[in-house]
1. Can you give the relative contact order of region 5-146 as a percent, counting alpha carbon pairs under 8 Å and 6+ residues apart?
2. Counting pairs of Cα atoms in region 138-280, how many percent are more than 21 Å apart?
3. Can you give the direction-averaged projected area of the convex hull of the alpha-carbon atoms in region 245-392, in nm²?
4. In whole Å, how far is the Cα centre of region 111-159 from that of region 227-271?
5. Over region 5-146, with a single point scatterer placed on each C-alpha, what log10 of the ratio I(q)/I(0) does the Debye formula yield at q = 0.14, 0.17 1/Å?
6. Excluding residues fewer than 8 places away in the same chain, name every one of the lysines whose C-alpha is closer than 29 Å to that of K41.
7. Report the semi-axes of the equivalent ellipsoid for region 3-70 in whole Å, largest first, where each axis is √(5λ) for an eigenvalue λ of the Cα gyration tensor.
8. Quick check: the distance between the Cα centres of region 314-331 and region 337-378, to the nearest angstrom?
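The values are calculated or read from the model by the stated rules, or taken from the named source; none is laboratory data. Model, not experiment: these values are computed from the prediction. Note: ideal-geometry Cβ built from the backbone for every residue, glycine included; neighbour counts use all protein chains shown. In case anyone asks, the SASA skips ligands and DNA or RNA and just uses the protein heavy atoms, side chains included. Shrake-Rupley method; radii C 1.70, N 1.55, O 1.52, S 1.80 Å.
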Amino acid sequence: MTEPRGVALLGATGSIGASTLTVMGRHPDRFRVRSLAAGRKAAELDALAARWDPDYVVLAAPSDSGFAPAWEGEWKYGEEGLVAAAADPAVPIVVNALVGFVGLSSTLAALGAGKKLALANKESLVAGGELVLEALKAGGGELIPVDSEHSAILQCLGGRPTSEIHRITLTASGGPFREWPAERFDSIRPEDALAHPTWSMGHKISVDSATLANKALEVIEAHLLFGLDYDLIDVVVHPASIVHSLVEFRDGSTVSQLGHPTMEVPILYALSAPERLENTFRSFDPAETGRLEFERLRHEDFPMFDIGISAGREGGTSPAVYNAANEIAVHAFLEGRITFPGIPALVERVLGEMGTSPVESLEHLMSVDGEARARARAAVGTPAAAGGETSD
Ligand code: MG
């Protein structure tokens, strides 16, 4: 009998954080909560600490100076606290479920320290690009996607080399506006965009799913994770979110991973891979599901997809600029400062203003990210002090 493995859970107060704790709670013999980290939700973090008994917690961006925690364990603060939790010698596994570019330093710290990193924070991989891959190589750890599509591809590959892939196809639910005529997009309210038909998720990713920015981020993520040329990555709309993605091998065989839309399965797989542990999730019954439907993406009506793919193909700093401008645009949309079609307009404008250059270092990338945010905020009239990150 081996000791349970320590886990650092970054982004504990969000939707992925909650599912991770549920999954870990079913396997106390395998996993132990070493640390819990959150952005600014101090009260929620306090309650989780009382429930899960970590060795310490990290509050990355404390906002209420008068907050008095009820949990009496050790509290760490700020970005340094996050990075320390990610590189903690006592954890073999780090789950990064932070939202946005803010997760990059933790991703780099975990990989640099040779951890197994279960990555739900796709923005850090997309924006960090080669820097993240270099940290993975240098640290000798593992990078396992928590994103359902990428988990599916990893499972479909089953250890076969990517040279045997003819192409991969990521499925997309199409989001809440899949069937809306584009003429109505000006009238879309934040609450419409947050009502996702199949997945229950945080605010940032819900809006990204509605604009299809999420799928562009996922194509870039797949390109980096699996080392595949963009020409080998397709996307198909599959509203029921049952087929989680497909791999077509060069011999003409197409392999897919299916199941109910729940993040518990990819989370558990990321924690246990390549082993498969018991899960209490309800069985998948194909006859109950009935028909599986697929359709083409509406590229013209959802320009955030093509804008993101162009940024990915351009490489260098472009994915980071796309990501940064999108984070500000999503925030501005949720605040009612811009319309839904204003999101791609803003992102395209910032990308055009900034151009692209090769990524030199983390510092360089952070300054590019900062400039993209500043330009996007100036364009929508968001005060610089208002942050601009969504607070999942
Ligand atoms: Mg996904």
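1. 22
2. 46
3. 13.4
4. 16
5. -0.56, -0.83
6. Hits, sequence-local ones excluded: K76, K115, K116, K122, K204, K215.
7. 22, 11, 9
8. Each part's Cα centre sits 5 Å from the other's.
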